[in-house]
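K.L.:
Dumping the structure here so I can ask a few things about it.
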Amino acid sequence: MTVADHHNFPSIGSGLWWAVQTVTTVGYGDQVPATVAGRLVAALVMLVGIGFLTVITAAITSTFVTRSRREQTPSGAANATAEQLRQIAGRLERIEAALTDRPSGQAANP
């Protein structure tokens, strides 16, 4: 910023102070760029700052979502148990169907 707008930012320190204010969205307004080049640099710094925060936030969120999905996805043992329960339910349905199809006077053979 010191190179682009030397009149308003005469030292590297003042340019860095302005950059920190801008990126952190504090923007006290005590130092603002007046030249076109300074404003272009300001726009670039703001967009890069916003983009950087967006990427960091997305990466952290993605990590949490991936971990949550991994914890919610059934493991191989849970899949095997679910399959066994489906098989048992099918057997019970067949037994119930056989019992309801039999005439009421017949006794079950042990």
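K.L.:
Pull out all pairs, ordered by first then second residue, where Cβ-Cβ is under 8 Å, the residues are six or more apart or on different chains, the first lies in the stretch 37-51 and is closer than 17 Å to W17 by Cβ, and the second is charged (D, E, K, R) and modelled with pLDDT of 80 or more.
P.N.:
G38/D5; V41/D5
K.L.:
Another question, then. Filter the stretch 25-66 down to the residues that are over 24 Å from H7 (Cβ atoms) and more than 14 Å from the chain's Cα centre (by Cα), then identify the one that is modelled with the lowest pLDDT.
P.N.:
T25
K.L.:
Another question, if that's okay. Report the residue count in the stretch 9-21 for those that are open to solvent by 50 Å² or more (accessible area, probe 1.4 Å) and either within 10 Å of V41 (Cβ to Cβ) or not in a helix (DSSP H, G or I) (or both). Even if it seems obvious, please write down each step before you answer.
P.N.:
At the first step, the residues of the stretch 9-21 found to be open to solvent by 50 Å² or more (accessible area, probe 1.4 Å) are 10-12, 16-17, 20.
Those still in the list that are either within 10 Å of V41 (Cβ to Cβ) or not in a helix (DSSP H, G or I) (or both) too: 10-11.
The total comes to 2.
The values are calculated or read from the model by the stated rules, or taken from the named source; none is laboratory data. Bear in mind that the values here come from a model prediction, so they are computed numbers and not experimental data. Cβ atoms come from the backbone with ideal geometry, glycine included; neighbour counts cover every protein chain shown. Just so you know, the surface numbers come from the protein's heavy atoms only, side chains and all, with ligands and any DNA or RNA stripped out. Shrake-Rupley method; radii C 1.70, N 1.55, O 1.52, S 1.80 Å.
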